[in-house]
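Data first, discussion second: the structure below is written as structure tokens.
The values are calculated or read from the model by the stated rules, or taken from the named source; none is laboratory data. Just so it is clear, the structure is predicted and the values come from calculations on it, not from any experiment. Heads up, the Cβs are rebuilt from the backbone with ideal geometry, glycines too, and the neighbour counts pull from every protein chain shown.
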Amino acid sequence: MQRLLSPSILSADFGRLYEDVKKVEAGGAHMLHVDVMDGHFVPNITMGPVVLEGLIGKTTMPFDIHLMIENPDRYVKSFVFPNTKVISVHQEACPHLHRSIQNIKSLGVKAGVAINPATPLWTLEEILEDIDMVIVMTVNPGFGGQSFIEGGLDKIRRLHEMISKRGLSVDIEVDGGVKLSNGKELLEAGANILVAGSAIFSQNDPEKETVKFLKLMGY
Ligand code: DX5
Ligand code: ZN
């Protein structure tokens, strides 16, 4: 699977969102990870489609949209922009996950499923063949800058095995507490997409940090 870097704009400066996006674009990042929170599914409220609208036509970076919201089916369509590459919903927020996935796919974008740290991998067993990506949460979703929950490494290994055994090509994205210091072991465990928020945007030079991550990823 192709290794991709997806900086999370949650840690960007929203007063200068465009400038921050341009920094990681200049550094060569592959996608923009967009954290949408509703104050219900997670204890924080972030951005809606209007924020992304402001970037359309100004960046060619693909959007990797992570919906941390209840009732995502209702809102998926409003996140389909020319830049939207993949939309992920939380397993814990979707009682009819199969339907939610079909809904995303019917809009012509890739579909992902995110699982919280306490959610077991077996909850993906019946849906794995229908999805393009799994987001393994390695923090409890809601905030940037939290520490990596160690059990995540083994979970990635086991998910990678589960996917390979079935001969599927499903991306494994790791989200939460990803740093330059643990990026390599996450890739070795089987993740191929790294999300990094504070490790990129909370630093002095996000472009430079992007380049460092890409180097670590073999680019
Ligand atoms: C957390 C979000 C993450 C967050 C990661 O709920 O889903 O995408 O931005 O931030 P860092 O990389 O700082 O842990
Ligand atoms: Zn996220």
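Picking from residues in region 192-215 that are aliphatic (A, V, I, L, M) and either surrounded by fewer than 18 Cβ atoms within 10 Å (Cβ to Cβ) or more than 13 Å from ligand 1 (Cβ to nearest atom) (or both), the one that is farthest from Gly27 (Cα to Cα) is Leu214.
Of the residues in region 193-216, at least one is within 23 Å of Phe63 (Cβ to Cβ), in a loop (DSSP other than H, G, I, E, B) and within 16 Å of ligand 2 (Cβ to nearest atom). Of all the listed residues (Ser78, Ser164), the sole one being in a helix (DSSP H, G or I), more than 30 Å from Leu55 (Cβ to Cβ) and at pLDDT 95 or above is Ser164. Has region 141-159 got at least one residue that is of a type outside the set (Ser, Thr, Tyr), assigned to a helix (DSSP H, G or I), out of contact with any Gly (no Cβ under 6 Å at 6 or more places or on another chain) and within 12 Å of Gly177 (Cα to Cα)? Within region 141-159, one or more residues are of a type outside the set (Ser, Thr, Tyr), assigned to a helix (DSSP H, G or I), out of contact with any Gly (no Cβ under 6 Å at 6 or more places or on another chain) and within 12 Å of Gly177 (Cα to Cα). If the condition is being touching an Asp or Glu at 6+ places or on another chain (Cβ under 8 Å) and of a type in the set (Val, Ile, Thr), then region 114-128 contributes Ile115, Thr119. Scanning region 1-23 for residues that are within 15 Å of ligand 2 (Cβ to nearest atom), hydrophobic (A, V, I, L, M, F, W, C) and assigned to a helix (DSSP H, G or I) gives Ile9, Leu10.
Considering every residue within region 36-57, establish whether at least one is within 12 Å of ligand 2 (Cβ to nearest atom), in a strand (DSSP E or B), surrounded by 15 or more Cβ atoms within 10 Å (Cβ to Cβ) and modelled with pLDDT of 95 or more. Yes, there is a match, as at least one residue in region 36-57 is within 12 Å of ligand 2 (Cβ to nearest atom), in a strand (DSSP E or B), surrounded by 15 or more Cβ atoms within 10 Å (Cβ to Cβ) and modelled with pLDDT of 95 or more. Among the residues of region 163-182, write down those that are surrounded by fewer than 24 Cβ atoms within 10 Å (Cβ to Cβ) and within 16 Å of ligand 2 (Cβ to nearest atom). Hits for region 163-182 are Asp171, Ile172, Gly177, Lys179.
Could you check region 104-140 and list, in sequence order, the residues that are among the β-branched types (Val, Ile, Thr), away from ligand 1 (no atom under 16 Å from the Cβ) and part of a loop (DSSP other than H, G, I, E, B)? Those that are among the β-branched types (Val, Ile, Thr), away from ligand 1 (no atom under 16 Å from the Cβ) and part of a loop (DSSP other than H, G, I, E, B): Val109, Ile127, Ile131. Cβ-Cβ under 6 Å, sequence separation 6+ or interchain: first residue in region 176-190 and part of a loop (DSSP other than H, G, I, E, B), partner small (Gly, Ala, Ser) and within 16 Å of ligand 2 (Cβ to nearest atom). Which pairs? That search, which allows pairs on different chains as well, returns Gly177/Ser147; Val178/Ala196; Lys179/Ala199.
Looking only at residues of region 160-178 that are more than 12 Å from the chain's Cα centre (by Cα) and among the aliphatic types (A, V, I, L, M), we find that the one that is farthest from Gln146 (Cα to Cα) is Leu168. The listed residues are Gly145, Gly218, and the only one of them that is within 16 Å of the chain's Cα centre (by Cα) and surrounded by fewer than 19 Cβ atoms within 10 Å (Cβ to Cβ) turns out to be Gly145.
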